[in-house]
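J.: The structure that follows is given in the form of C-alpha cells.
The values are calculated or read from the model by the stated rules, or taken from the named source; none is laboratory data. For clarity, every value in this text was computed on a predicted model and none was experimentally measured. Neighbour counts are summed over all protein chains in view; Cβ atoms, including those assigned to glycine, are modelled from backbone coordinates with ideal geometry. Just the protein is used for accessible areas: all its heavy atoms, side chains included, with ligands, DNA and RNA removed. Shrake-Rupley method; radii C 1.70, N 1.55, O 1.52, S 1.80 Å.
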Amino acid sequence: VKVFIHARALLRYNAHSFSIVLQGNGNVWTLVFLFLPHTVLPKQNGRVAIVTGGARGMGYETARHLASLGMHVVIGIVHTPFEFLNEKGASPSQIRNVIVVCVFCVLFTVEFLFLDLCSLKSLRQFVHRFKARALPLHVLVNNAGIMLVPEGKTEDGFELHFGLNYLGHFLLTNLLLDKLKRSGRHDACSRVVTMSSATHYVGRLNMEDLQGRSCYSAHGAYSQSKLALVLFTYHLQEKLAAGGFPVTSNAVDPGMVDTDLYNNLCIPAQAAKKPVAKMLFRTPAEGASTAILAATASQLEGVGGCYFYNGERTESADMTYDHNVRAELWKQSCALVGLQEA
C-alpha cells in the first residue's frame with residue numbers, strides 16, 4: 001500500500017486540511033486526519049490558553065487549532081469525552097469523537113480540568129487548580145454555552161442561560177484577570193475572546209429582573225445572556241485600557257453553526273432543521289474560525305472592544321455602546337457572584 005499526503009484547501013475557512021490517502025488494489029480511501037493552520041496565523045509556541053467547553057463543537061475546533069499552532073491548551077469542561085465510553089448507548093458519533101480527541105491529546109499539549117459553569121464554587125476551584133500549576137495565561141476563550149433549555153436554575157439559583165452563559169464566564173474572567181495581566185506584554189497582549197451570537201441584537205436587558213422570573217422565555221433568556229456578554233466584553237476592555245494593562249477583550253459571532261446547541265428544539269423543529277442545516281449552517285470548524293482569528297491573528301495585536309463576525313469588525317446592538325448600561329450590569333454582576341467591584 002502506498003501512502004502519500006494530499007493537500008486540500010478549505011476555502012470557507014481560515015485553514016488547510018491535509019488528507020492521508022491510502023491507495024491500493026485500484027481502491028482509494030481518504031481520511032481527513034489533521035487541519036493545518038492558515039499561514040496568516042502566527043505560531044503560538046510558549047503561550048497558554050483556556051477554552052471553556054472545548055471537547056466538542058466549536059470549542060473543540062478552537063482548542064484543536066490553538067494547540068496545532070503550538071499553544072498549551074487547558075480545556076475546562078464538566079464531562080470529558082472519555083466519559084462517553086462509560087455510558088451505555090454511546091452513539092457511533094460520540095465514540096468517533098472520543099477517538100479523535102484521543103489523537104488530538106497525543107499530538108498536542110492539551111489537558112482537561114473539571115469546570116462547571118453552573119457552580120460558583122466549581123469556578124473558584126477551577127481557577128485555584130489552574131493557578132496552582134504556575135502556568136502563564138495568554139488566551140481565554142469563553143466558549144461554553146447552552147441554548148433554549150427549559151426553565152431551570154444553576155446551583156446558586158440563577159436562571160440557567162444567564163448563570164452559565166454569562167455569569168459563569170463573568171466570574172471566570174475576573175478571577176483569571178491577574179494571570180492575564182501578568183502574562184501579557186504591550187507588544188504581545190493577552191486576549192479574552194467571548195462567544196456571543198447574532199441573537200444579542202434582539203436581546204432585552206431588564207435590570208430589575210435579570211433572572212427573567214416575571215415572565216420566562218427560553219429564547220428571551222438566551223438572547224439576553226448573549227447581549228450581556230457583549231456588554232461585559234466592552235466594559236472589560238474599557239477597564240483594561242484605563243489601567244494600561246496588556247490585555248484585550250473582544251466578542252465574536254460565529255454565525256449559524258450546526259452544533260448540539262439545537263438539540264433543545266422541539267422534535268418537529270429539529271426535523272425541519274436537519275436539511276436546512278446541511279445547506280445553510282456552518283460547520284463547527286467554520287464557526288470557530290473567527291474566535292481563532294481573534295485569539296491569534298497578528299493584525300489584531302492590541303485591538304480590543306470589538307465585535308467580530310466573519311473575521312471582520314461589525315457593529316453590535318446599539319445598547320452595547322451605552323456606558324451606563326454596561327456599568328450597571330457590571331455592578332449587579334459583581335454583587336451576584338460575590339466580587340468586589342473594582
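J.: Those residues that are in a helix (DSSP H, G or I), open to solvent by 10 Å² or more (accessible area, probe 1.4 Å) and modelled with pLDDT of 95 or more, I need them from the stretch 161-200; list them, please.
T.: L164, N174, L175, L177, D178, K179, K181, R182, S183
J.: For the stretch 311-321: of the residues being touching a residue at least 12 places away in the same chain (Cβ under 8 Å) and under 15 Å from Q224 (Cα atoms), which is most open to solvent (accessible area, probe 1.4 Å)?
T.: Looking at the filtered set, the residue picked out is M319.
J.: Might you check whether a residue that is modelled with pLDDT under 95, over 20 Å from the mean Cα position of the chain (by Cα) and either within 24 Å of K331 (Cα to Cα) or outside the structural domain of V303 (by TED's automatic domain parsing) (or both) occurs anywhere in the stretch 136-149?
T.: Within the stretch 136-149 (the criterion being modelled with pLDDT under 95, over 20 Å from the mean Cα position of the chain (by Cα) and either within 24 Å of K331 (Cα to Cα) or outside the structural domain of V303 (by TED's automatic domain parsing) (or both)), the answer is no, since none of the residues qualifies.
J.: Based on this model, can you work out whether R129 counts as modelled with pLDDT of 95 or more, more than 20 Å from the chain's Cα centre (by Cα) and assigned to a helix (DSSP H, G or I)?
T.: Details: modelled with pLDDT of 95 or more: yes; more than 20 Å from the chain's Cα centre (by Cα): yes; assigned to a helix (DSSP H, G or I): yes.
Criteria met by R129.
J.: What's the number of the condition A288 fails, among (1) surrounded by 23 or more Cβ atoms within 10 Å (Cβ to Cβ); (2) at pLDDT 95 or above?
T.: Exception for A288: condition (2).
J.: Moving to a separate point now. Among the listed residues A144, A228, identify the single one that is within 22 Å of Y307 (Cα to Cα), assigned to a loop (DSSP other than H, G, I, E, B) and of a type in the set (A, V, I, L, M). Give the derivation first.
T.: Values: A228 fails: assigned to a loop (DSSP other than H, G, I, E, B).
Every option except A144 fails the conditions.
J.: Using the structure shown, decide if N324 is open to solvent by 60 Å² or more (accessible area, probe 1.4 Å), in the same structural domain as A188 (by TED's automatic domain parsing), in contact with a Ser or Thr (Cβ under 8 Å, 6 or more places away or on another chain) and more than 19 Å from L140 (Cα to Cα).
T.: Judged against the criteria, N324 is not a match.
J.: Return the pair list, or none, for Cβ contacts closer than 6 Å from residues in the stretch 225-236 that are over 15 Å from G168 (Cα atoms) and in contact (Cβ under 8 Å) with a residue 60 or more places away in the chain to residues that are among the small types (G, A, S) and open to solvent by 10 Å² or more (accessible area, probe 1.4 Å), at least 6 apart or on different chains.
T.: If the second residue must be among the small types (G, A, S) and open to solvent by 10 Å² or more (accessible area, probe 1.4 Å), the pairs left are Y234/G305.
Quick grid of which residues meet (1) open to solvent by 10 Å² or more (accessible area, probe 1.4 Å); (2) of a type in the set (A, V, I, L, M, F, W, C); (3) at pLDDT below 95:
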site	(1), (2), (3)
Q211	yes, no, yes
Y216	yes, no, yes
A228	no, yes, no
L231	no, yes, no
H235	yes, no, no
E238	yes, no, no
P246	yes, no, no
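J.: State the number of residues belonging to the stretch 58-76 that are in contact with a strand residue (DSSP E or B) (Cβ under 9 Å, 6 or more places away or on another chain) and surrounded by fewer than 23 Cβ atoms within 10 Å (Cβ to Cβ).
T.: 4
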